[in-house]
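Below is one structure, written out as structure tokens; the observations come after it.
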Amino acid sequence: MFKNIFSIIGIIIILCSTSLFGQKQSLSKSEEVFEAFWTVFNENYAFFEEKGVSWSKAYEKYRPLVSGTTGEDELFRIVCEMIKPLNDGHVNLKSPSGKKFSASRPSRIIEEFSKTEGSKKDLYYNMVDSTLYANGFEPLKTIGTKFRGQPLFFYSKNENYGYLRFSRSFVNLLYMKGLFTNFWLEKIFQEFNRKKGLIIDIMFNIGGDDKFSYNLAGRFTEKEFLGHYKQVKNGEAHDEFTDLKAHYVQPKGKTKFLQPIILLTNDKTLSAADVFTLIMNELPKNTIIGENSNGSFSDLYSKKLPNGWKVKLSNQRYLSADKINYEGVGVPVDIEVQNMLSDLENMTDPLIVKALQILDEKIVSISK
């Protein structure tokens, strides 16, 4: 009797399994990839509401376009079209064959500089360096490991002020923070020891590691302060996030700089450089000049799809110490100054000029 009962139960389980999983088994490869793609964003992407994107409506619009006859190239085009409206520098897709797509938002400064020929960054930095030299700064020194031919830090000084530039926030791809970073920073800050102000240039900074940003920010304070809050998306609903976690800046380094600081940013200041801007915005002696940072704060969440495509997305919210979310809009500047094509032609950077003007005013104010 019991044997017959168990046999019947087994048949029921088999029938139920076939019913439950039959739909999934009937999906074509393209449909399976689409479903996996949509699901990974639905469960992990943190900013649909902020970006004004309904992911369920995106499913309704694009799912009917995918069938068993949909080729890989067409599928790639469809899913890229879905994520393009996110305008998120941390959203991208890559195939094993090397095909890539980034959902980064358009850049005003890149569009402006696209009107000229030659390397945009070379032209830009030539303009910056020329402006520094015209204002009494020494030839730039460099220190730190190279990445794509560029040293980590560029620095200089004139009679009153220091200048520090870094176009990435990591040492190398293997050691993001780096074993010798503190040694390099100590050497640089000793050069700035008696200066009355400092310009920090993170225009076109591609980002890197938050620990790098926190380590550097710690050299501008003698006491701990709240840098930002962070939480992680962990479910299908828009409001399913982990609790906010506070991150604090700790004093770092033997040689600190406690005088007025000017931070230069634009819409290509992103990721860990966004975070550095967010942190530095909490310092009362810091003034941000330029344009809002990019607004791509989150670490990258990575997932491989059934066909080998690799998708990366933003699954974390970074909030300021006042619990303001600047995702997609960037940390606001105190004084807006835009680089224009004419600046490259005139070899004069208005941001450097404005920074020096503000520092002069601060010195006069302090001396009164």
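The values are calculated or read from the model by the stated rules, or taken from the named source; none is laboratory data. Bear in mind that the values here come from a model prediction, so they are computed numbers and not experimental data. Note that we place each Cβ from the backbone using ideal geometry, even for glycine, and neighbour counts take in every protein chain shown. Each accessible area value is taken on the protein alone, full model and side chains, heavy atoms only, with ligands, DNA and RNA left out. Shrake-Rupley method; radii C 1.70, N 1.55, O 1.52, S 1.80 Å.
Quick check: convex hull of the Cα atoms in the stretch 287-368, volume per residue, rounded to a whole Å³?
Values: hull volume 12.1 nm³, N = 82.
Expressed per residue, the convex hull around the Cα atoms of the stretch 287-368 is 147 Å³.
Taking Cα atoms only, the orientation of helix 181-191 departs from the longest principal axis of the chain by about 20 degrees.
With a threshold of 28 Å on the Cα-Cα distance, the over-threshold entries among 223/268; 100/268; 211/312; 94/323 are 223/268; 94/323. If you run the Gaussian network model on the chain, springs between alpha carbon atoms under 10 Å, then out of 158, 281, 266 the most flexible one is 158.
Over the stretch 109-233, the Kirkwood radius and the radius of gyration, each from Cα atoms, give a ratio Rg/Rh of 0.99.
Taking max minus min of the alpha-carbon positions on each principal axis, the stretch 152-219 gives extents of 38, 24, 17 Å, largest first.
How much accessible area per residue does the stretch 59-212 have, counting only protein heavy atoms and a probe of 1.4 Å, in square angstrom?
51 Å²
Against the chain, whose longest principal axis is taken from its Cα atoms, helix 29-44 shows a tilt of about 50°.
In the context of the full set of protein chains, the stretch 223-368 has a per residue accessible area of 44 Å² (1.4 Å probe). What 222 nm value per residue comes from the helices of the chain, counting each DSSP H run with n ≥ 4 as -39,500 (n - 2.57) and dividing by all residues, nearest 500 deg cm²/dmol? Calculated from helices alone, the mean residue ellipticity at 222 nm is -11500 deg cm²/dmol. Under conditions of 4 °C and 1.567 mPa s, the stretch 170-265 yields 84 µm² s⁻¹ as its translational diffusion coefficient, taking Rh as the Kirkwood radius over Cα pairs in the Stokes-Einstein equation. At q = 0.13 Å⁻¹ the log10 of I(q)/I(0) for the stretch 75-156 amounts to -0.69, computed by Debye summation with a single uniform scatterer per C-alpha, solvent ignored. Restricting the calculation to alpha carbons of the stretch 223-368 gives Rg and Dmax of 18.7, 68 angstrom.
Its convex hull of Cα atoms gives the chain a direction-averaged projected area, equal to a quarter of the hull surface, of 24.4 nm².
Bridging of residue 157 to lysines at a Cα separation below 21 Å is possible for 141, 187, 195, 196, 254, 256, 285, 354, 362, once same-chain residues fewer than 8 apart are set aside.
For the peptides 323-335, 80-92, the ranking by mean Cβ contacts within 10 Å, running from highest to lowest, is 80-92, 323-335. How tilted is helix 2-26 with respect to the longest principal axis of the chain? Cα atoms for both, answer in degrees (0 to 90, nearest 10). It works out to around 50 degrees.
Surface composition of the chain: carbon plus sulfur atoms contribute 52% of the solvent-accessible area (1.4 Å probe, protein chains only, all chains present).
Does the stretch 136-180 come out rounded, prolate or oblate, given a ≥ b ≥ c as the square roots of the eigenvalues of its C-alpha gyration tensor, rounded meaning a/c under 1.5 and, failing that, prolate meaning a/b above b/c? The partial results should precede the final answer.
Numbers: a/c = 3.27, a/b = 2.46, b/c = 1.33.
The shape class here is prolate.
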